[in-house]
Amino acid sequence: MANGFSGPVAQIVDNYLERLKKNLRGIPAKDQEELVKEIHSHIYESFKADTAGDEVARILRVLDKLGEPANVISARMPEAMVTLGKKKKLP
């Protein structure tokens, strides 16, 4: 699968990332893409580091620790806004 996972784990990750993208409406596409890649990378690394249990249980633990997409976005939005301001030369 394109997201680096296979089978049911790929579907779970795809679903999570789609929910994440829905919460990113209103910010530039490039910034959305960058944030989604960052979160995907975090999910992938955390999944590979957790070797206890079956793959579905592992990915569910990773996503549970990460939190709901809306919470992940709200925690990162101030940082994203600062980055956007710097790129646009805003005060």
Original post:
Of the residues in the stretch 2-36, how many are of a type in the set (A, V, I, L, M) and under 16 Å from ARG58 (Cβ atoms)?
Top reply: 4
Original post:
Which of the residues spanning the stretch 34-65 are β-branched (Val, Ile, Thr) and within 15 Å of ASP14 (Cβ to Cβ)?
Top reply: VAL36, ILE39, ILE43, VAL56, ILE59, VAL62
Subject >> Of all residues making up the stretch 6-29, the number that are over 15 Å from ILE73 (Cα atoms) and modelled with pLDDT under 90 >> reply: 1
**OP:** Assess whether GLY85 counts as being open to solvent by less than 100 Å² (accessible area, probe 1.4 Å), modelled with pLDDT of 80 or more and of a type outside the set (A, V, I, L, M).
**Re:** no
Original post:
When you go through (1) open to solvent by less than 40 Å² (accessible area, probe 1.4 Å); (2) of a type outside the set (Gly, Ala, Ser); (3) modelled with pLDDT under 90 one by one for PRO78, which number turns out not to apply?
Top reply: (1)
Original post:
Of all residues in the stretch 9-37, which are within 16 Å of GLY67 (Cβ to Cβ), open to solvent by 20 Å² or more (accessible area, probe 1.4 Å) and not in a helix (DSSP H, G or I)?
Top reply: ASN23
Subject >> Selection status of ILE39, over 13 Å from the mean Cα position of the chain (by Cα) and in contact (Cβ under 8 Å) with a residue 12 or more places away in the chain >> reply: no
Subject >> Selection count, the stretch 48-74, where residues are surrounded by 12 or more Cβ atoms within 10 Å (Cβ to Cβ) and not in a helix (DSSP H, G or I) >> reply: 3
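The values are calculated or read from the model by the stated rules, or taken from the named source; none is laboratory data. Source: prediction; values computed, not measured. No Cβ is skipped: glycine too gets one built from the backbone with ideal geometry, and neighbour counts run over all protein chains shown. Side chains included, ligands, DNA and RNA excluded: accessible areas come from the protein's heavy atoms. Shrake-Rupley method; radii C 1.70, N 1.55, O 1.52, S 1.80 Å.
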